[in-house]
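None of the figures in this text is laboratory data; all of them are computed from the coordinates on show. All values derive from a computational prediction rather than experimental measurement. When we count neighbours, we look across all protein chains shown, and the Cβ atoms used for this are built from the backbone with ideal geometry, even at glycine.
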Ligand code: WTA
C-alpha cells in the first residue's frame, strides 16, 4: 500500500522530549519489565513493590506486587508539595459559556470534603459508589474522593437511560449513587434525578443518593435517603488522609459493552493503571508543565477516566472539562474554546471531526488556534480524509496527529505514535514501548504483513483490566481462551511492511456509534421488550458522520404487520431503556432471521447482504 508519510516539522522536533522514537522501542523491547519499572519510579508510592509482574496465574496478572499507594497521591497530593499547588488543575466551561477553576490546592480541598462526606455516610474501602453525572467538576471530584478512601467508583454515562443505570446498580450493588438534578446541553435541560429515582426503585443496596443541585431546579428528594451534595460537603473538613492501598486494589469498575445482552463491569486497579496512563500521557502528547489539555471525552467512558481526569492531573497540567457540545450555539464553539483557554493539546473523536468538517472550514479559520501543539484522536478508525483535514485545517500542518488505539479493557493507549514518528493517515502506527502486538489468523498464526487478521496483544501490560466484576470465567473465555497466553482484542487489523498497524474495526458484534461503544445484543434486548417483536438482529452499517449506525432486522409476532407506528414504538423502547445513542437509524421487517445449525443468529449474513459484500469479507471472527 502506498501512503504518504508525514514527518514532524523541524520546529516540533526541536522542542520534542523524545527525538528518537526507534531507540525507545528498542530499549523497551530489550527488557520490558525494566521499562515499566522505570515508568513506575516516576510516581510516588507509599511502599515500593517486591516484584514488577506476577504472571503465575494467567490471565490474572498482577503488577507492582506488594506496593502500596493510591492514584490520588499522584493526581493531587504530590502537587501540593512540588510547586503546582496554585496552578489550575481543573478548568470547566459550562454549556452557556461560564467557567469555573480549581487550583490543585482547591481541588484537594473539594476532594477531601467529599471524601469525608462519603465516610460520614458509611462508605468504606472496597464499597462501590455509582456516579451518574454529566461532564461537571463534581464528576471529577467524586471519582477522586472515592479513590482517595479506597471506594470503587462506577460511572454510568449520563446519556444512558434508567434501565441501563438500574442494570448497573444491580450488578455492582453500590451503597451510594451520586447524581444531579438535571443536565444541560444545547441550552436545554434534561432531568437526571427522576431517572436515577426510577433506576433504584425497589433496590435495597442503595442507601443514599447524593444530589448535585447543578441546574438549580426543584427535584423531589426522598427523606432519609437523598442528600443535597452541598449540604453534605460544606460542613466537612477540607483535610483527609489518602488511604494507602494495595497496588492491586480496585480503583473503578466501568460499564463495558460486549456481545452479552447485559453490560459487564471491567475492573481496573490503582497500581499498574496509574503507571501506564502516566507514561503514555507524557510521551504520546509530549506534555510540557504548563500545558492546557482538552479531552472532549465524557467521564462516563474510559477515555474520560484515563485521559480527561486521571492522567492530566497526575502530570500536573491543566485539564479542561466542557459541559456542552462542540457546535453549539455556533459551529465554531470548539475553536472558540481553544483560543479562549489557549489549549495546547486537543484530544477528540473522528465522529466529531467529521461533523465539524461538514460545517465548513470558515468556522475554523475565524480563530487563530496558535496555542495548539498536538492533536489526538480516539475511539474509532480515523478515515484519511478526516485525518488530513485535522492536520491541515485545524493544525495548519504544525501539529502531529496522534491516533490512539486502545480499549476499555486495555485502560491506556496501546498502539499509538510517539509524536516524532513519521505518521500515516489512518494508522495508529506502532505499539507503544513495552507493548507487543501481532496480527494473527484463526489458528493464531501470524499473518503476512499487508494481510488482515485479528489483533492480539502478546504480553501483559500494566493497565490491563484485571477481570469482569463477578464474571471471572467470562473474562478469561472472552479474551484469553482462543489464543492462550495472548489477549484477543476483538479488532480486525493489518500490519504493513514498515511495522505500522491499521485498526480496521471490530471483529465481533460491538458497534461504535459516534464513538460510543454499544453492543448489538444490548440493543436487541431492548427491542425484544416491544410487545409486537418476536425476534430481532441488529447490525452496524457505515455512516458518514457517526462512523457506524445501527440497523435492526425485526421478525414480528403473528398478527402484527410492520408499520411506522411499530417502528416508532421500537425506537421509543430503545430510547427509554438505553438512551438516545443506541437508537437504530433503520428498521426492516423480515419473515425469518438467518441462523446456523445451532440456532445462532448469523448477523454476518444480514450484514453481507445489506452492504452488498461477500460473506468472507464480513466474517473474521466467529
Ligand atoms: C475502537 C475506546 C481504530 C476499536 C478507547 C476498539 C479504534 C474499540 C481506535 C474500543 C483507533 C478505539 N482506531 N479503532 N484509534 N480507538 N478504537 O472500549 O474497535 O470504548 O476495540 O475504548 O474502539 O472502544 P472503547
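Quick notes on this structure:
- Centre-to-centre, using Cα atoms only, region 32-58 and region 285-340 are separated by 29 Å.
- For region 552-622, averaging the sequence separation of C-alpha pairs within contact (under 8 Å, six or more residues apart) and dividing by the residue count gives a relative contact order of 28 percent.
- Gyration tensor (alpha-carbon) shape descriptor, region 514-611, a/c threshold 1.5: oblate
- DSSP bridge orientation in region 514-611 - percent antiparallel, rounded to nearest 5: 75 percent
- For region 251-280 and region 514-559, distance of Cα centres in Å: 26 Å
- Ranked for footprinting exposure by Cβ neighbours inside 10 Å, fewest first, 190, 35 give 190, 35.
- In terms of the mean number of neighbouring beta-carbon atoms within 10 Å, the peptides 220-227, 303-310, 197-204 order highest first as 303-310, 197-204, 220-227.
- For the chain, a/c is less than 1.5, where a ≥ b ≥ c are the root eigenvalues of the C-alpha gyration tensor. That puts it in the rounded class.
- For the chain, the relative contact order comes to 14 percent (Cα pairs under 8 Å, sequence separation of at least 6).
- Exposure proxy shown here: for 355, 578, the number of other Cβ atoms within 10 Å sets the order, fewest to most, as 355, 578.
- Centre separation in Å (Cα based) which lies between region 101-132 and region 435-461: 42 Å
- With both residues required to sit in the chain, DSSP beta bridges show an antiparallel share near 60%.
- Counting only DSSP H runs of at least 4 residues, each contributing -39500 (n - 2.57), and dividing by the residue count of the chain, the helix-based mean residue ellipticity at 222 nm comes to -8000 deg cm²/dmol.
- Sorting the segments 458-469, 41-52 by their residues' average number of neighbouring beta-carbon atoms within 10 angstrom, most packed first, yields 458-469, 41-52.
- By the count of other C-beta atoms within 10 Å, a proxy for reagent exposure, 178, 518 are ordered fewest to most as 518, 178.
- Peptides 444-451, 523-530 ranked from most to least packed by the mean count of surrounding Cβ atoms within 10 Å: 523-530, 444-451.
- Anisotropy class of region 417-475 from Cα gyration tensor, a/c 1.5 cut: oblate
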